[in-house]
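To start, the structure itself, in C-alpha cells.
The values are calculated or read from the model by the stated rules, or taken from the named source; none is laboratory data. What you are looking at is a predicted structure, and each value in this text was computed from that prediction instead of being measured. Cβ: placed from backbone, ideal geometry, glycine included. Neighbour counts: every protein chain shown.
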Amino acid sequence: MSIKDKKNSQQNLVFLNKQKCMSFFEENCPEIDRYLENHASAEPEILKKLRRETYQKTTQPHMISGYQQGRLLSIISKMISPKSILEIGTFTGYATLSLAEGLAKDGTIYTIDKNEELAYLPEKYFAESEFASQINFIKGDALQEISKLNIDWDLVFIDADKENYVQYFNLIKPKMKSGSILLIDNILWYGKVLEDNPKLESTKIIKELNELIAQDQDFENLILPLRDGIQLARKI
Ligand SMILES: C[S@@+](CC[C@H](N)C(=O)[O-])C[C@H]1O[C@@H](n2cnc3c(N)ncnc32)[C@H](O)[C@@H]1O
C-alpha cells in the first residue's frame, strides 16, 4: 500500500469513528475491545447502574467515561491517594465516582458541569455512593468556577468543551504541585489530530494542547491510546 493510500484509508477510519463516536477498537476490532473488558477488574455495581441509566436517560450517552476508562481513573487515583481532585465535565458522574475510589480519607473531589438539566442524575448517584460526603458538585461554567477555587490539585481530569482545553490547562498548571497528575480525555479526537489543516476549532485546540504539553519542561507525559486517547502528564 502506498503512503498516500495508507493516509486515505487512515482518513476513512477516522471518518467512520467520527460518525459513530466510537473508539478505534470498538469500531475496527470489537473482539479486542471485548477482550480488554473481559480482562479488566469488575465494574462496581453503582457504576453499572449509572452506566445503564445514562444510556436510558441521556441523549449523548457516548460521553460517559465507561468501563475501561473508569477502571484506569480509579487505579491512577488509588496510586496517588489524592487529597484534592478536580474534574472538569461531570456529565452523569461516572468518572467522578471512579476517581473518588482513590481519594484519601480526608480528601475531596470537586467536579464542575454547566448542564443543570442533567444535574439530578449525578446528584442521585453521588448521594447513594459511599463517597457522598467527599464530593463537591459545582454547577456552573468551568472557566469561571475554577478561578474561584483556591486549591492546590493532586489530580486533575479535564473532560469538557474542547475549545477551552488550552485555557483550562493554563489555569490549572500553577495550581499543580510537583508530583500532581493531569489527565485529559479525547486527546486523539477520533483521529482528527492527524489532520494537517483542521477546520474545526476543537481539533486545532486539541493539537495545540498536545504540542504545549509535549514541549512543557514542567511536565513529563505520554498519550494513552485508550478509547479516544488520554493525556497522562505528571508535573515534575
Ligand atoms: C464528555 S462529558 C463528561 C463526561 C464525564 N467526565 C464522564 O466521565 O462521564 C462533557 C461534559 O462537560 C460539560 N461541559 C461542557 N462545557 C462546559 C463548561 N464550559 N463548563 C462546565 N461544564 C462543561 C458538558 O455539560 C458535559 O456534561
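For the list (1) of a type outside the set (A, V, I, L, M, F, W, C); (2) more than 20 Å from Ile109 (Cβ to Cβ); (3) under 18 Å from the mean Cα position of the chain (by Cα), I need the number of the one condition that Asp196 fails. Tallying (1) of a type outside the set (A, V, I, L, M, F, W, C); (2) more than 20 Å from Ile109 (Cβ to Cβ); (3) under 18 Å from the mean Cα position of the chain (by Cα), Asp196 fails exactly one: (3).
Every condition in (1) surrounded by fewer than 14 Cβ atoms within 10 Å (Cβ to Cβ); (2) at pLDDT below 85 is met by Glu26 except one, and the failing one is (1). If you go through the stretch 99-121 and pick out every residue that is surrounded by 22 or more Cβ atoms within 10 Å (Cβ to Cβ) and either polar (S, T, N, Q) or more than 23 Å from Ser147 (Cα to Cα) (or both), you end up with 1.
Of the residues making up the stretch 70-98, those that are under 22 Å from Ile146 (Cα atoms) and polar (S, T, N, Q) are Ser77, Ser81, Ser84, Thr90, Thr92, Thr96, Ser98. When Phe131, Phe137 are checked against the criterion of being without any contact (Cβ under 8 Å) to a residue 60 or more places away in the chain, closer than 20 Å to Thr58 by Cα and in the same structural domain as Leu50 (by TED's automatic domain parsing), Phe137 stands alone in meeting it.
Considering the stretch 82-97, the residues that are within 16 Å of Leu182 (Cβ to Cβ) and out of contact with any Gly (no Cβ under 8 Å at 6 or more places or on another chain) include one that is nearest to the ligand (Cβ to nearest atom), namely Gly89. Note on the stretch 127-147: residues that are away from the ligand (no atom under 13 Å from the Cβ) and part of a helix (DSSP H, G or I) total 5. One residue stands out among those in the stretch 148-180 that are within 10 Å of the ligand (Cβ to nearest atom) and among the aromatic types (Phe, Trp, Tyr): the one that is farthest from Arg234 (Cα to Cα), which is Tyr168.
Could you check how many residues of the stretch 98-125 are touching a Leu at 6+ places or on another chain (Cβ under 9 Å), near the ligand (Cβ under 9 Å from one of its atoms) and in a strand (DSSP E or B)? So the answer is 2.
Count of the stretch 52-81 residues, restricted to those that are away from the ligand (no atom under 14 Å from the Cβ) and either on the phi < 0 side of the Ramachandran plot or of a type in the set (Phe, Trp, Tyr) (or both), is 5.
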